[in-house]
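Shown next, in structure tokens, is the structure this report addresses.
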Amino acid sequence: MDYLRNKDLLGIWHLEPEEIALILDTAAVMKKVLDAPTKKTSHLQGKSVVTLFYENSTRTRMSFEMAAKFMGGASANISTSGSSVNKGETLLDTGVTLDMMSTDFLIMRHGQSGAPDFLANRIRASVINAGDGMHEHPTQALLDMFTMRESLGQIEGLKVAIVGDCLHSRVFRSNLLALTKMGASVYCSGPSTLMPVNIKDTNAVYTKHVEEALEGADVIMGLRIQRERQKAALFPSIDEYAHFFGLNLERRKLAKERAIVMHPGPANRGVEISSELYESDHSVISEQVKNGVAVRMAVLYLLNLWRNRV
Ligand code: CP
């Protein structure tokens, strides 16, 4: 397969394993561009990339903007503060307005699950989901898998332990879908109050004993405690959370010696992950950030191919 099947990238749920492999292979080529002295291609020359973020972001928004620039495209950013969203303009009217300005790619983050899907069906531009509510964050899962493959050689057969606030995490949902599609096993742990109610119906193995999840793992992924999405106190205290579930150097020893430590960021150091582990030789958290640019370049490149062939 040498192209994606759809106009948009809305979630991992609609990607075939072959499409995921294509994105990862393309990202490997794009990473060489990032490592070159002159970071420039002309793949998006004459194309426009707009980032529309209704929620805060550092990594995702900047990496899409950098990706567009490295590929010769024009990029612009619109955030809710300073735009007519603050005057009450609807998502649809905002999206159609940007579409009419010849936007080719609309990168969108929204607090409502399904918002990118809603807009994608109504505008001409290709919509890329940069995180929607508690639903999906597909490019995060793709860059996570790229990092695993780069560090460990393959994804199939890996034991991936995901620890933290899975309930509110779109990163967890996209990773669970992506990793199981690519043949990895996903174990998750955290307080039962921070797990999706249907966790037993998914492909993830849930254990409330973090040690069980970490035992023999190839990958340890910490997830942020999303206090901004919690409507009630879902665990007794931060200290207690860190004591029972926090990732640290001691707990890392339960995993394989070669195991890598990941976190999508931003991290609450000292809560879901200790500073020592975050900065240890096992940590690939900084590499995840760099790979985020390569993966987003790959997604833009492949969606542009799709747009050019119709
Ligand atoms: N991982 C992630 O989505 O980070 P940002 O919120 O900084 O984009």
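The values are calculated or read from the model by the stated rules, or taken from the named source; none is laboratory data. It should be emphasised that the depicted structure is a prediction, and the values quoted were computed from it without experimental measurement. Heads up, the Cβs are rebuilt from the backbone with ideal geometry, glycines too, and the neighbour counts pull from every protein chain shown. These accessible areas exclude ligands, DNA and RNA; they are computed on the full protein's heavy atoms, side chains included. Shrake-Rupley method; radii C 1.70, N 1.55, O 1.52, S 1.80 Å.
Whole number in Å², please: accessible area per residue of the chain, 1.4 Å probe, ligands, DNA and RNA not counted.
43 Å²
Tell me, what is the 1.4 Å probe accessible area of T180, in Å² to the nearest 10?
Counting only protein heavy atoms, the figure is 40 Å².
Compare the Cα positions of L167, V271, P37 along the charge dipole of the chain (+1 at Cβ of Lys, Arg; -1 at Cβ of Asp, Glu; about the Cα centre) and return the one farthest towards the positive end.
P37
I need the phi-derived Karplus couplings for region 9-14: 6.51 cos²θ - 1.76 cosθ + 1.60, θ = phi - 60°, integer Hz, Gly and Pro marked x.
Taking θ as phi minus 60°, the curve returns 10, 9, x, 5, 4, 9 Hz for region 9-14.
Using Cα atoms only, what is the angle between the long axis of helix 59-70 and the major principal axis of the chain, expressed in degrees (0 to 90) to the nearest 10?
On a 0 to 90 degree scale, this one is about 40.
Going by accessible area, probe 1.4 Å, with all protein chains left in place, what is the ranking of F105, F70, largest first?
Ranking F105, F70 by accessible area, largest first, yields F70, F105.
Roughly how many Å² of K290 are accessible to a 1.4 Å probe, to the nearest 10?
Using a 1.4 Å probe on the heavy atoms, I get roughly 70 Å².
Give me the tail of P(r) for region 245-302 as a percent: Cα-Cα pairs with distance above 18 Å.
Here the long-distance tail beyond 18 Å is 40 percent of all Cα pairs in region 245-302.
Would you calculate, for the chain, the mean residue ellipticity at 222 nm contributed by helices, counting each DSSP H stretch of 4 or more residues as -39,500 (n - 2.57) and dividing by all residues, to the nearest 500?
Taking each H run of at least 4 residues, the total per residue is -11500 deg cm²/dmol.
Please give the solvent-accessible surface of K40 in Å², to the nearest 10, using a probe radius of 1.4 Å with every protein chain present.
For K40, solvent-accessible area is about 130 Å².
Return the carbon/sulfur percentage of the accessible area of the chain, one whole number, probe 1.4 Å, all protein chains in place.
Ligands and nucleic acids excluded, carbon and sulfur give 52 percent.
For region 234-289 and region 99-133, write down the distance between their C-alpha centroids in whole Å.
Cα centroid to Cα centroid, the span is 33 Å.
Please give the charge dipole size of the chain, origin at the Cα centre, charges +1 on K and R Cβ atoms and -1 on D and E Cβ atoms. Round to the nearest 20 debye.
My answer is approximately 720 debye.
How about K253: which aspartates and glutamates have a C-alpha closer than 18 Å to its C-alpha, ignoring those fewer than 8 places off in the same chain?
Straight-line reach from K253, under 18 Å: E211, E212, E215, D218, E272, E276, E279, D281.
Keeping all protein chains in place and using 1.4 angstrom, which order do D93, D8 fall into by accessible surface area, from largest down?
So the residues, ranked largest to smallest area, are D93, D8.
With unit charges on the beta carbon (Lys/Arg positive, Asp/Glu negative), name the residue among P196, G246, L4 whose Cα is farthest towards the positive pole of the charge dipole of the chain.
L4
Tell me, what are the semi-axes, in whole angstrom and largest first, of the equivalent ellipsoid of region 138-284 as set by the roots of 5 times the Cα gyration tensor eigenvalues?
Semi-axes from the Cα gyration tensor: 21, 18, 14 Å.
Could you give the dipole magnitude of region 138-284 about its Cα centre, charging the beta-carbon of Lys and Arg +1 and that of Asp and Glu -1, in debye to the nearest 20?
460 debye
Using alpha-carbon pairs under 8 Å, 6+ residues apart, how would you state the relative contact order of region 138-284 in percent?
With pairs under 8 Å counted, the relative contact order is 25 percent.
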